[in-house]
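A short write-up of the structure that comes next.
The values are calculated or read from the model by the stated rules, or taken from the named source; none is laboratory data. Quick caveat: nothing in here was measured; it's all calculated off a predicted structure. Every residue, glycine among them, receives a Cβ derived from its backbone with ideal geometry; neighbour counts consider all protein chains shown.
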Amino acid sequence: MSSCIFCKIIRGELPCTKVYEDESVAAFLDIKPVNPGHTLVIPKKHFENIHDMPDALVAKVAVAAKKIADAMRNIGVKGVNIGMNNGAHAGQIVFHAHMHVMPRYGKDSFSLWVGKEYYGKERELVAEKIKAALKS
Ligand code: DGP
């Protein structure tokens with residue numbers, strides 16, 4: 001896509017600090033890292049988010065993310081969060097699908113979600129809706 005910044009990076013029109021690439025995936029350092037080494041793993045072809053991606057490509061991106069996570073562990077990173085923001089409501093800012101691979105060192109300013117409680121039948125109801133959608 002012509003205006004997409006990650007497509008521009010793939011085409012070499014914008015710079016990046018690349019750490020990995022193969023025929024369908026590229027990985028480069030995030031410009032606003034949670035910690036140094038925070039890497040974005042992206043499909044070279046433009047897809048807006050995980051919902052648009054073919055399953056086989058999701059698998060390729062996930063396997064590349066694992067390779068990078070393994071490499072981080074081998075250079076002394078203490079833990080790794082892997083995450084993907086899909087949609088503006090989930091915090092997606094760049095609308096070219098990408099997985100974040102984030103080096104972690106315990107209490108290092110990155111905070112995870114605070115879990116909520118379920119009330120009444122909410123847990124069963126939402127599980128039934130997800131299961132029904134999976135069957136359709
Ligand atoms: P999000 O869409 O919220 O999952 O995160 C997008 C990430 O992309 C954010 O952590 C910052 C990073 N980012 C944005 N623009 C650029 C860029 O031009 N180059 C690089 N390397 N990273 C970028």
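Data table
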| quantity | calculated |
| --- | --- |
| Conditions (1) touching a residue at least 24 places away in the same chain (Cβ under 8 Å); (2) closer than 21 Å to residue 24 by Cα: number failed by residue 102 | (2) |
| Qualifying position, being in a helix (DSSP H, G or I) and farther than 21 Å from residue 42 by Cα, among 107, 116, 131 | 131 |
| Residue in the stretch 27-47 that is among the basic types (Lys, Arg), exposed (fewer than 14 other Cβ atoms within 10 Å of the Cβ) and modelled with pLDDT of 95 or more present | yes |
| Condition check for residue 56: at pLDDT 95 or above and within 15 Å of the ligand (Cβ to nearest atom) | no |
| Subset of the stretch 85-98 (residues that are in contact (Cβ under 8 Å) with a residue 24 or more places away in the chain and more than 9 Å from the ligand (Cβ to nearest atom)) | 87, 97 |
| Single condition residue 89 does not satisfy, out of (1) surrounded by 10 or more Cβ atoms within 10 Å (Cβ to Cβ); (2) within 29 Å of residue 24 (Cβ to Cβ); (3) of a type outside the set (Val, Ile, Thr) | (1) |
| Residues of the stretch 1-26 classified as of a type in the set (A, V, I, L, M, F, W, C), modelled with pLDDT of 95 or more and over 19 Å from residue 83 (Cα atoms), total | 7 |
| Residue 64 in contact (Cβ under 8 Å) with a residue 24 or more places away in the chain, under 16 Å from residue 82 (Cβ atoms), in a helix (DSSP H, G or I) and within 13 Å of the chain's Cα centre (by Cα) | yes |
